[in-house]
Each structure stands twice: as structure tokens, then as C-alpha cells.
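Reading through the C-alpha cells given below for one structure.
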Amino acid sequence: MPHNQFPSTQRSKAWGRITILFALIALALTALPATALAGTDTAGNVLATDNDANPSGVEGDLYWAGQSLNLDDTSIDRDIIAAGDTLSIRDCTVGGAIRLAGRTIDIAKTTVDGSVTVVGQHVVLNSDSTANCFYAIGETVALRGSTKSAALAGDTVTIDGTVEGDVEVWADKLILGKNAHITGTVNAHVSEDPERAAGAEVGALKIDRTENEDTSTANDVIGGIVAAALSTCFVALLLELVFPRATAGAAGMLHQRPMPLWVSGLLGAIAIAPAVLLLIISIAGLSLAGALLCGVIGIALVSSAFAGCAIARMVGHNQNRYAMAAVGGIAAGVLTAIPLVGDFISGVAFVFTLGYIIQIIWRNAHLKSQQPANTPELPAA
């Protein structure tokens with residue numbers, strides 16, 4: 001296997017995470033109130049919802065969020081960034097790029113000067129549509145228009161249009177329609193032989209069968225689990241050394257008040273995506289959005305070790321705290337490295353750590369608000 005290709009299991013895992021991420025963004029934006037996104041800023045960017053009328057022209061970028069987008073016969077000078085359930089773009093000209101996340105995405109009779117990057121369940125770049133490049137992930141992905149290059153991933157990928165260059169495909173099933181005209185090479189990472197219609201024209205077709213591909217061995221899996229256990233143990237010991245009050249506080253909170261901790265962590269995790277997007281859209285909040293993302297990444301990196309350390313301290317509260325931190329870190333590392341269930345365990349640890357942080361912030365703010373003002377008394381007359 002060439003060095004620039006990943007095993008099929010790793011590719012599937014990466015696609016799954018990307019799809020979940022964009023689906024979360026789409027659902028979060030769909031739930032936003034209509035008043036949150038409306039109007040035009042001084043740079044000519046339009047912020048719209050599904051309750052807004054179809055704009056005839058946009059001088060800057062179009063930001064959209066809602067249930068159903070039906071953009072018809074519109075000129076967008078720069079980019080379209082949208083998320084929702086059903087997204088339809090027809091008879092439009094786009095001077096920049098298109099970035100979409102949704103369940104059903106249909107781009108038809110539209111000219112895009114830049115790239116088209118979309119994630120959804122059913123995705124199609126329809127006939128008479130042109131783009132510089134087309135990148136798509138979905139359950140079903142269809143390219144029926146024209147583009148200079150493409151990278152497509154899905155259960156079923158259909159190419160029935162023109163590509164003036166190379167195409168990368170990761171799919172269970174690849175269909176090359178009779179109108180397919182590809183001047184470059186189709187690198188197909190598929191689990192079954194592609195279906196090729198009689199009229200399909202392809203410069204070259206390279207097939208990488210991934211049906212039974214499994215480059216990982218038992219030794220690789222065991223080695224990964226051991227490495228994860230040791231690294232998580234080290235982080236847990238470091239947390240116990242630097243933040244002993246935090247690990248003890250999380251252990252006590254989990255024992256005494258578990259419900260507020262889990263609920264606040266879950267709500268906080270759900271609110272991350274819309275909060276970041278709203279800050280980005282507000283332009284002035286870009287620095288805050290970056291700071292928030294950095295904080296989320298930091299929490300995610302240490303959450304498994306922190307959760308393992310706190311739970312171990314709660315269970316063995318009478319034991320040596322460093323020994324329990326080591327045990328908790330090893331247990332957390334092993335659980336998060338186990339195939340299939342590791343991602344779920346990591347998510348639970350993230351919710352736990354985020355919930356503890358939110359509870360501490362809330363408690364400190366509440367105590368501060370209850371402190372009496374330190375104002376000197378007036379002298380008696």
C-alpha cells in the first residue's frame with residue numbers, strides 16, 4: 001500500500017467523525033431562533049434564515065441557517081456557508097466557494113468559481129453545474145456536473161459528469177454512468193468492483209479493494225492499548241500533582257451531586273458548536289471563537305485522564321492519591337483505546353470534565369454574587 005493511503009478502518013473512522021461533526025453543526029444551527037441570524041453587515045455579507053426572502057444578489061458572503069434553503073436565480077459575489085436539513089441551490093452564480101452541511105443537498109445549474117465542499121446524507125452536484133473542485137461526504141454522493149477535480153466518499157458514489165483531472169473515491173460502491181468523462185485517473189478505494197456504463201470515458205482506473213483489508217494485527221491493537229494506558233497514566237499523575245484540589249473536587253462532586261455535573265456537561269457539549277459558529281459569524285468574536293476552540297481542545301486532550309483520576313479517587317478515597325491516580329489513568333487509557341467503544345468512553349469523559357468545569361465556574365460566580373459589598377459605614381451624627 002502506498003505511504004499516502006490509510007487503512008480502510010482508519011479512513012472510515014475519520015469520515016464518521018467528520019460526518020458527526022457537520023451533522024452536529026447542522027442540527028445546532030437548525031435549532032437557532034430566526035432572530036439570531038438576519039440582516040446585512042457593512043461588508044455586504046448577508047446573514048439569513050429560512051424565514052427570509054430569497055435575495056436577488058449578495059455582494060459579500062451568504063451565511064444561512066435553518067430548515068430548508070431554496071436559493072434560486074441568485075448571484076453571490078463570494079462564498080455561501082449554510083447548514084440545515086434540505087439545501088437546494090439552483091440557477092445561481094457564486095464567485096467564491098460553497099460550504100454546506102445538511103441532510104439533503106442539491107446543487108443544480110449553478111456556476112461556482114471556487115470549490116464546493118459538502119457533507120450530508122444525500123449529496124448531488126447536478127447537471128449543468130460547474131465548479132473548480134468538488135469535495136463531498138455522504139451516504140449517497142453523485143457528481144453529474146463538471147469540475148476540475150473531485151474527492152468523494154460515501155456508501156454509494158456515482159460519477160455521471162465531467163472531471164478535467166483526477167478523482168479520489170472512497171466507497172462501498174462506485175458507479176460510472178454513461179455520461180462520465182474523466183480525463184485523469186480515478187483512484188477508487190472500494191469494497192466491490194465499480195459499475196461502468198458503456199459510454200463512460202475514463203483516462204485510467206486504479207482499484208484498491210478494501211473489502212477485507214485489515215492492516216492491524218492483534219499485536220498492533222495490544223500495543224496501542226498499552227501505549228494509551230501509559231500515556232493516560234502519565235497525564236493523570238501530572239494532573240494529580242498540579243491540580244490535586246480539582247481531582248478531589250471532581251471526585252466529591254461525582255459522589256455527592258452527580259446529576260448537575262452530568263447535565264451541565266451534556267448541555268455544554270451541545271452548546272459548543274452553535275456558540276463557536278455565532279462567534280465566527282459575528283466577525284468581532286473571531287478571537288473569542290479561537291479561544292473557545294482552544295479551550296475545548298485542551299479539555300478533550302486531558303478529559304480521559306482527569307475522569308479516570310477523579311473516579312479512582314472517589315472509589316479509593318482512603319488510599320494513596322498518586323496510586324489511585326495511576327490506576328485511574330491506566331483504566332481510562334485502556335478503555336478509550338478499545339475498538340468500537342473507545343470513542344464513546346472518550347465522549348463520556350469529555351462530558352464529565354466539561355460538567356465539572358461548568359459547575360465550578362457556576363459555583364464561584366454564585367458565591368461571589370452573595371458576598372456583601374465591602375462599603376465603609378458612615379460616621380454617626
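The values are calculated or read from the model by the stated rules, or taken from the named source; none is laboratory data. Everything quoted here is computed from the prediction, not taken from an experiment. Here the Cβ is made from the backbone with ideal geometry for all residues, glycine too, and neighbour counts use every protein chain on show.
Here are Met259, Met253: which of them is without any contact (Cβ under 8 Å) to a residue 40 or more places away in the chain, in a helix (DSSP H, G or I) and not acidic (Asp, Glu)?
Met259
Within region 311-327, can one find any residue that is outside any helix (DSSP H, G or I) and touching a residue at least 40 places away in the same chain (Cβ under 8 Å)? Yes; the residues of region 311-327 include at least one that is outside any helix (DSSP H, G or I) and touching a residue at least 40 places away in the same chain (Cβ under 8 Å).
Can you say whether Ala142 is aliphatic (A, V, I, L, M) and closer than 20 Å to His181 by Cβ, as far as the supplied structure shows? Considered against the rule, which asks whether it is aliphatic (A, V, I, L, M) and closer than 20 Å to His181 by Cβ, Ala142 comes out as yes. For region 328-341, the set of residues classified as closer than 21 Å to Leu254 by Cβ and assigned to a helix (DSSP H, G or I) consists of Gly328, Gly329, Ile330, Ala331, Ala332, Gly333, Val334, Leu335, Thr336, listed by residue number.
Within region 185-204, track down each residue that is part of a strand (DSSP E or B) and free of Cβ contacts under 8 Å to residues at least 24 places away in the same chain.
Our first condition is that a residue be part of a strand (DSSP E or B); within region 185-204, this holds for 185-190, 195-196, 201-204.
Within region 185-204, Thr185, Asn187, Ala188, Val190, Glu195, Arg196, Glu201, Gly203, Ala204 meet the criteria.
Ala65 fulfils the conditions (1) farther than 24 Å from Trp170 by Cα; (2) surrounded by fewer than 18 Cβ atoms within 10 Å (Cβ to Cβ) except for a single criterion, (2). Selection within region 123-133: residues that are in a strand (DSSP E or B) and buried (at least 18 other Cβ atoms within 10 Å of the Cβ). The member of this set that is nearest to the chain's Cα centre (by Cα) is Val123. Per the listing Ala136, Ala153, Ala142, the residue uniquely closer than 22 Å to Ala188 by Cβ, touching a helix residue (DSSP H, G or I) at 6+ places or on another chain (Cβ under 6 Å) and not in a loop (DSSP other than H, G, I, E, B) is Ala153. Looking at region 47-62 only, could you name the residues that are under 18 Å from Val112 (Cα atoms) and either surrounded by 18 or more Cβ atoms within 10 Å (Cβ to Cβ) or at pLDDT 80 or above (or both)? Correct list: Val58, Glu59, Gly60, Asp61, Leu62.
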